[in-house]
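Have a look at the structure below, then the notes.
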Amino acid sequence: MPLDLTTPGGITLALTPELVLTVWVLVLMLVAAWRHRDAGVQREVGLLTVIGLVSTGLAVAWLWAQGATPVGLPAMMALDGFRFATSLVFLLGALLTVMLSLGYVDRERIQAPEYYVLILLGTLGMMFMAGAADLVVMFLGLELMSVAVYVLAGVNRRSVFAAEAALKYFLLGAFASGFFLYGIALVYGATGTTNLWLIHGRVLELGLGSNVMMIAGIGLLLIGFGFKVAAVPFHMWTPDVYDGSPTPVTAFMAAAVKAAGFAALVRVLHQAFDGLPIWHGAVWWLAVITMVVGNVIALAQRPLKRMLAYSSIAHAGYLLVAVASGSAIGSAAFLFYAVVYTLMTIGAFAVLAAAGTGGEQGVLIDDLNGLATRRPWIAAAMTVFMLSLLGFPGTAGFIGKWYILSAAVDADQRLLAVILVGASVVSAGFYLPPIMAMYMRPAPSAEAHQATRIVGAARWAVGVMAVALLLFGFWPNRALDAARRGGESLRPATLYTLGR
Amino acid sequence: MMREYLSLVLLAVFVIVNGVGMILISHLILPPRPTPVKQTPYESGMPPIGTVRERFSVKFYLVAMLFIVFDIETVFLIPWGVAFRQLGLFGLVEMLVFIVILLVGYAYAWKRGALEWD
């Protein structure tokens, strides 16, 4: 289905998923405002949110199945497999988060139906960010996502740690947005356009490979992205913010927000700056430092929540390896790993949310002792999540890492591949202790783990995530095919020029 | 060639005459009654000199945020009004969508009591 995005009808059809989600946001905001005194409204808004996310997902799938492709002049939104695939990843992350939250907000008495509206708004921002073909639209999506997540981090107003997390995230996030915006300004100064396709054409046309303004602009953009995806050395906020936020929100930040940052990064680097090898070195170093620092510091963490926070930093390093390859296989490997990473990270945080109470900051790895005898199914699910995060064969995490490795080797970056494998070996030092604690140590007392239970929608979510990780680990073919098509769609088919 | 700037010069002259004139007239016709409050630059505003750690109500921020919402609306409406004919029906629909989104936000703030001072 060819769509001319410069006509009103074309752009409306191309934005169907975003429009559907926007309408749901507006409706749910009004429901939350009019009925905020009713006790049942929170649950009702949560269920409507699930329907909203599913209907948006159907709209994305419809566009993808129709084979929507852009024709005519370059527009502000992209219309390719990469956009559809990343949108589905964000919607999946948001859906799983909402399913976890339904029980969690009741347990922690977080009374704000706006919680779900903010998750939807954040998801909308992510979809615009990853689907933008223009740096300004990308920035707007980034801000929409970030502002919603700043508020989500502090949604538990009685917790001092949540307030600290929200303030820290807000200050550093605003700082990072400044870097990002300045980067856009410099890239605009060097190329005369903010459109990604036109930038790609301009770079080749004018030979901007050693243009100082261009290099400075790319550097500032990388710093902005580095903050958002928590790459070392821009990761300082991550442990505190992840630690203080309510656990489902942490899962949302670690999975969906990070995936959105990476999706936009991949689009900018692989689409606009494709002919500009100058960024390869910078991303190479970012990947190496992030993998090493994230994994080594995670070894020293006893609280489970902080361990998972550093684990998410380490995974940002793995994803950066896929970005550094700069090839279509790299973009495809990112897509596949983003799905897998969403499933295993949200799964691990779901088990953490069940194991503790009051923000789950005090849950140590030793507190899982003997969980397998009392709650065998939760322990089994946690084992799948940990093994998948580790990249154990038979789980989807292994296939994802194998795909990233093949992208790195294909791009002739063997040293990076070796460092990735080494970092994965180190990560066994903190992914295996929870499994050991659950299966090989006795429970401290007879009534231990009585309160550890996963109920309602969260039970379904955890079950589906664990099964999906095993399924993708054994039969990854279809998902790999979809990822490959999504990754290849990023390459500009024609060289657009400004036509001077 | 400098003709185009004539209106700008006229504007500047008008502004200066207007400002100076108002001060002059108020000096001429006001009965002189200097009190400490009347001597401050902003008679009905905040005291210009005082401690910086003064606390004021968080409600001011809410009002300021609501003000910005409508300020931005004007910023978008005026250029649209200027290019109304060129933008046509699509521009009208887009503007309506924009205003509906703003209205929903406004309705939310109103319903949750952001406009009530107590």
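The values are calculated or read from the model by the stated rules, or taken from the named source; none is laboratory data. All values derive from a computational prediction rather than experimental measurement. Every residue, glycine as well, gets a Cβ built from its backbone with ideal geometry; the counts of neighbours run over all protein chains shown.
When restricted to residues that are under 17 Å from A:Val60 (Cβ atoms), more than 10 Å from chain B (Cβ to nearest Cβ) and of a type in the set (Ser, Thr, Tyr), the range A:1-40 contains 1.
The condition (being more than 27 Å from A:Gln271 (Cβ to Cβ) and of a type in the set (Lys, Arg)) is satisfied by just one residue among A:Arg158, A:Arg202: A:Arg158. Would you call A:Ile110 without any contact (Cβ under 8 Å) to a residue 40 or more places away in the chain, surrounded by fewer than 24 Cβ atoms within 10 Å (Cβ to Cβ), away from every other protein chain (no Cβ under 14 Å) and over 21 Å from the mean Cα position of the chain (by Cα)? When the stated conditions are applied, A:Ile110 does not pass them. The residues on offer are A:Val54, A:Val23, and the sole one that is among the hydrophobic types (A, V, I, L, M, F, W, C), within 21 Å of the chain's Cα centre (by Cα) and at pLDDT 95 or above is A:Val54.
The set of residues from the range A:439-488 being at pLDDT below 85, touching a helix residue (DSSP H, G or I) at 6+ places or on another chain (Cβ under 7 Å) and among the hydroxyl-bearing types (Ser, Thr, Tyr) comprises just one member, A:Thr452.
Regarding A:Met76, is this residue within 14 Å of chain B (Cβ to nearest Cβ) and touching a strand residue (DSSP E or B) at 6+ places or on another chain (Cβ under 9 Å)? So A:Met76 passes the test.
Summed over the range B:91-109, residues that are at the interface with another protein chain (Cβ under 10 Å from one of its Cβ atoms), more than 21 Å from the chain's Cα centre (by Cα) and hydrophobic (A, V, I, L, M, F, W, C) total 6. Residues that are buried (at least 17 other Cβ atoms within 10 Å of the Cβ) and more than 27 Å from A:Val321 (Cα to Cα) occur in the range A:489-498; there is at least one. When each of A:Gly141, A:Gly154 is tested for being at pLDDT 95 or above and of a type outside the set (Lys, Arg), the lone residue that passes is A:Gly141. Per the listing A:Gly183, A:Gly207, the residue uniquely surrounded by fewer than 24 Cβ atoms within 10 Å (Cβ to Cβ) and out of contact with any helix residue (DSSP H, G or I) (no Cβ under 9 Å at 6 or more places or on another chain) is A:Gly207. The lone criterion from (1) at pLDDT 95 or above; (2) in contact with a Phe, Trp or Tyr (Cβ under 6 Å, 6 or more places away or on another chain); (3) not polar (S, T, N, Q) left unmet by A:Leu343 is number (2).
Quick grid of which residues meet (1) in contact with a Leu (Cβ under 9 Å, 6 or more places away or on another chain); (2) within 23 Å of A:Leu21 (Cβ to Cβ):
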site: B:Val63; (1), (2): yes, no
site: B:Leu89; (1), (2): no, no
site: B:Leu102; (1), (2): no, yes
site: B:Ala114; (1), (2): yes, no
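Of note, A:Arg157 satisfies the criterion of being surrounded by fewer than 19 Cβ atoms within 10 Å (Cβ to Cβ), charged (D, E, K, R), more than 21 Å from the chain's Cα centre (by Cα) and farther than 21 Å from A:Phe262 by Cα. Here B:Gly88 qualifies as within 11 Å of chain A (Cβ to nearest Cβ), more than 27 Å from A:Ala32 (Cα to Cα) and more than 21 Å from the chain's Cα centre (by Cα).
When each of A:Val455, A:Val462 is tested for being crowded, with 16+ Cβ neighbours inside 10 Å and touching a residue at least 60 places away in the same chain (Cβ under 8 Å), the lone residue that passes is A:Val462. Checked against the criterion of being surrounded by fewer than 24 Cβ atoms within 10 Å (Cβ to Cβ), farther than 22 Å from A:Val203 by Cβ and not hydroxyl-bearing (Ser, Thr, Tyr), the candidates A:Leu276, A:Leu299, A:Leu343, A:Leu335 yield just one match: A:Leu299.
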